[in-house]
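**Q** Could you have a look at this structure, given as structure tokens, before my questions?
The values are calculated or read from the model by the stated rules, or taken from the named source; none is laboratory data. Since this is a predicted model, take the numbers as computed values, not measurements. Counting neighbours? That spans all protein chains shown, and the Cβs are built from the backbone with ideal geometry, glycine included. Protein only, heavy atoms only, side chains kept; ligands, DNA and RNA dropped before computing areas. Shrake-Rupley method; radii C 1.70, N 1.55, O 1.52, S 1.80 Å.
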Amino acid sequence: LWLLAYVGLGQVVVPLGLGLAGLEYEELGYRATALLHLAMDAVQLAATLAILARCLREYRPRERGLFPLCWAGGRWLGWVAAGAAAFPLVEWLSAQSWGLWAGAAGGGAEGYGALVWCAQLASLARQLGARWAALVSSLLFALCHFRADTFAPLLVLGLVFGGLFLRTNNLAPSVLCHSLWNLYVLTMLTFRAA
């Protein structure tokens, strides 16, 4: 279901919507591209949460201690700040990767195989242990974005997000740090366009 939602939104709904509006993705400016990606992220987040809520409801994973998410306390905010401190490094890696892989956008059928692996993340920690699961899920996180030029920076981001969860045993820091990364990218795109 998630794969269908992810691919359907990114590969069908958005291009169809742009086409109906008479727009070409390549012609969008920085601000329009940033807003488009923010909207896509919000819709994909809503679809993901709806799918998870529907599919996991009968299993009650939160009551069993899975997917720990605690916003209270705030003792983990320092770890989020440490994770966010890696953003300039990730941006630098992105610039370096863009130079190395210019023109190799990826996508296509070879990228979808990684999404199939993403569906198996829930059992990784049980099979590999928490640290290896964080490493493998970071690799898959990078692969799931379908682009050779974003692999290295997204691998680092995946390691940051996974490290936050390992350090705190709480999904909230990873969720917050991922949101801050998206805000960081949106801000950088907006200021570059100015």
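**Q** Inspect region 5-16 for any residue being outside any helix (DSSP H, G or I) and either at positive phi or open to solvent by 100 Å² or more (accessible area, probe 1.4 Å) (or both) and give the result as yes or no.
**A** no
**Q** Related question: For region 17-38, name all the residues that are free of Cβ contacts under 8 Å to residues at least 24 places away in the same chain, in a helix (DSSP H, G or I) and open to solvent by less than 90 Å² (accessible area, probe 1.4 Å).
**A** Those that are free of Cβ contacts under 8 Å to residues at least 24 places away in the same chain, in a helix (DSSP H, G or I) and open to solvent by less than 90 Å² (accessible area, probe 1.4 Å): GLY17, LEU18, GLY19, ALA32, LEU36.
**Q** Hey, could you check region 1-54 for residues that are under 17 Å from ASN182 (Cα atoms) and charged (D, E, K, R) and say which is modelled with the lowest pLDDT?
**A** Top of the filtered list is ARG31.
**Q** Pairs please, first residue from region 39-65 and in contact (Cβ under 8 Å) with a residue 40 or more places away in the chain, second anywhere and small (Gly, Ala, Ser) and assigned to a helix (DSSP H, G or I), Cβ atoms under 7 Å, 6+ apart in sequence or on different chains.
**A** Sorted first by the residue in region 39-65, then by its partner, the pairs are ALA47/ALA5; ILE51/ALA5.
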